[in-house]
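The values are calculated or read from the model by the stated rules, or taken from the named source; none is laboratory data. Just so it is clear, the structure is predicted and the values come from calculations on it, not from any experiment. Cβ sites come from the backbone with ideal geometry, for glycine too, and all protein chains shown count toward neighbours. The accessibility values were calculated without ligands, DNA or RNA, using every heavy atom of the protein model including side chains. Shrake-Rupley method; radii C 1.70, N 1.55, O 1.52, S 1.80 Å.
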Amino acid sequence: MICKGADTLTTLAEGFCFGEGPRWFEGLLWFSDMLGEAVHTVNLLGDLTTLPLPGHRPSGLGFRPDGTLLIVSGAHRRLLRYDGYTVEPFADLSGHVSADLGDMVVDAAGRAYVGVQAREGGVIARVDPDGSVTIVAANLDFPNGMVITPDHATLIVAESTGRRLTAFTIGTDGSLSDRRSFADGLDGPPDGICLDAEGGVWVAMTLANQFERIVEGGGKADVTDRIEMGDRIAIACALGGPERRTLFLLTSTDAYPERLIGTTGSRLDAMTVAVPGAGLP
C-alpha cells in the first residue's frame, strides 16, 4: 500500500507545538507536546485535554502496570510520575548520562527503557520500578523510538542518525544482549515507531516526509506500506483504538524542534490499517 496522507487520514487534533511519544491507554491517545510543555490526551472524536508541565520538555511516555504514567523530562534528564492527580519526580538520570533523554518504552514489569540521544555513543538506560538506573546498551547513533515484542523477548530501537532499526534480546533480569540489525539503510532518519501483530514496524521517516511499515528481511529494510505526508514531517506513530487497528500519526512543519518554538503547526491524524497493533507500548 502506497497512499497520499491527505486522501486517507482523519485529523483528530492540531494547534500544538511539537507532538511526540504517542501512547494508547484506556480509550485515549496520550502524547507529549515537547515545546508546548504539556501532555495531551485525545479521544477518537477529537476531544482534547491538557496536562501542563511548565519548565519541562516532555518526550517519551509509558504506562506502568498499575496505570501510573511515566514522563520523560528530556533536558532535565529525569523521569516524572503522574498518578492521575499529581506530577512528581521519579528518577534522576543526570548522573548516568551525557545527553538529553528522548523516547521510552515501559515493559510489563514496569521497567522503563529510555533512549539517551547522543548522535554518536548514545545509550539506552533502564530505570527499574524502585528508580534505580542501569545502562543496558551503548554505542547507538541517536536512539529514538522503541517497542517490545508480544513475547517480551525482544526490544527494537530506531537509531535516527544511523538510519536503521536495531534489535536486542531482553533477559529475564531486564538486560539487553545479542544486538543485531532488524532493518538497515532506511529511507530517512527513523523517529517514533510502533509494532503490529505480524511483526511489522511502522516507522516515522522524518526527512522523507512519510510513514513506512517495515518487516525484517535479512537486515535490509523491506517496506510493505508507505503513507506519504506531502510537505509535513513525520515524527511519531502509535497503534490503538478499537482492536488496535487505528494508526495514529504525529506530524510537524519542521524536523528540527528548536525552529518551532512558539508555533502551533503540529497535527495528529488517524487512519484504519489492516494489521492490529501488538506488544508494547
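A few points about this structure:
- Using heavy atoms of the protein chains and a probe of 1.4 Å, the accessible area assigned to M271 is about 20 Å².
- Dimensions in Å of segment 18-174 - Rg and Dmax from alpha carbons: 14.6, 43
- With all protein chains modelled, accessible area of D151 [1.4 Å, Å²]: 110
- Whole-Å semi-axes of the ellipsoid equivalent to the chain (Cα gyration tensor, √5λ, descending): 24, 22, 18
- The reciprocal of the average 1/r between distinct C-alpha atoms defines the Kirkwood hydrodynamic radius, which for segment 72-115 equals 11.1 Å.
- Distances between placed amide hydrogens fall under 5 Å for D254 paired with I233, all partners being 5 or more residues away or on another chain.
- Taking amide H positions as modeled 1.01 Å from N, with prolines and chain starts lacking one, the residues under 5 Å from F18 and 5 or more places away or on another chain are M34, L35, G36.
- Kirkwood Rh in Å, taken over segment 1-100 so that all alpha-carbon pairs contribute: 14.6
- Tail beyond 11 Å, pair distance distribution of segment 5-44 (Cα, percent): 65
- Couplings 3J(HN,Hα) for segment 171-185, derived from phi with the Karplus relation 6.51 cos²θ - 1.76 cosθ + 1.60 (θ = phi - 60°), are x, 4, 8, x, 6, 10, 8, 6, 4, 7, 7, 8, 7, 10, x Hz, where x marks Gly and Pro.
- In segment 98-255, the convex hull through the Cα atoms has an average projected area of 9.2 nm², a quarter of its surface area.
- All-pairs alpha carbon distance profile, segment 143-234, 5 Å steps from 0, percent: 3, 16, 27, 26, 16, 8, 4, 1, 0
- Taking only the C-alpha atoms of segment 197-256, Rg followed by Dmax gives 12.1, 34 Å.
- Within segment 141-181, the percentage of alpha carbon pairs spaced more than 12 angstrom apart rounds to 55%.
- Annotation: peptides 17-29, 63-75, ranked by per-residue average of other Cβ atoms within 10 Å with the highest first, follow the order 17-29, 63-75.
- From helices alone, the chain scores 0 deg cm²/dmol at 222 nm; the rule is -39500 (n - 2.57) for each run of n ≥ 4 DSSP H residues, then divide by the residue total.
- Here the alpha carbons of segment 105-179 define both size measures, Rg and Dmax, at 11.3, 34 Å.
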